[in-house]
Amino acid sequence: MEVDAERLAAWVAGRGEGERNRGLFWAACRLAENGVSPADALDALGAAAQSAGLGDREITATVRSAYRATRPASETASDGRSQGAGRWFGRSASPPSAALGRAGL
């Protein structure tokens, strides 16, 4: 099944307060599952998320989180582990240290 990024973006733009971040995460997961690159997902959903009221930093962090949580089937090893850990923004797949605070994102 091919995903329609424009339709997802329109859906994200229509999310209200209390639904915006979760909606963006869900839409970014759908793009990730369909092999869309993280940069293309950010391009497709970023403006829509801004119009819904999210800031740039929150948009980037949410899309990044969606790509950490969701991998295309082609990147999953036979033992179920991801083969693409660390491909996102050149960072490791491990969670940020609490000592770094929000800057660790």
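Things to note:
- Model label sites at A69 and Q50, defined 7 Å from Cα along the beta-carbon direction, differ in position by 2.4 nm.
- Where labels lie 7 Å past Cα in the beta-carbon direction, separation of D4 and N34 in nm: 0.9 nm
- What the Cβ-Cβ distance of D43 and E19 gives, at R0 = 25 Å and to the nearest 0.05, is a FRET efficiency of 0.70.
- Distance histogram in 10 Å bins (all Cα pairs of the stretch 1-73, percent per bin): 24, 60, 15, 0
Taken together, the values in this text are just the output of simple stated rules run on the coordinates, not laboratory data. The model shown is predicted, which means the values in this text are computed figures rather than measured ones. Here the Cβ is made from the backbone with ideal geometry for all residues, glycine too, and neighbour counts use every protein chain on show.
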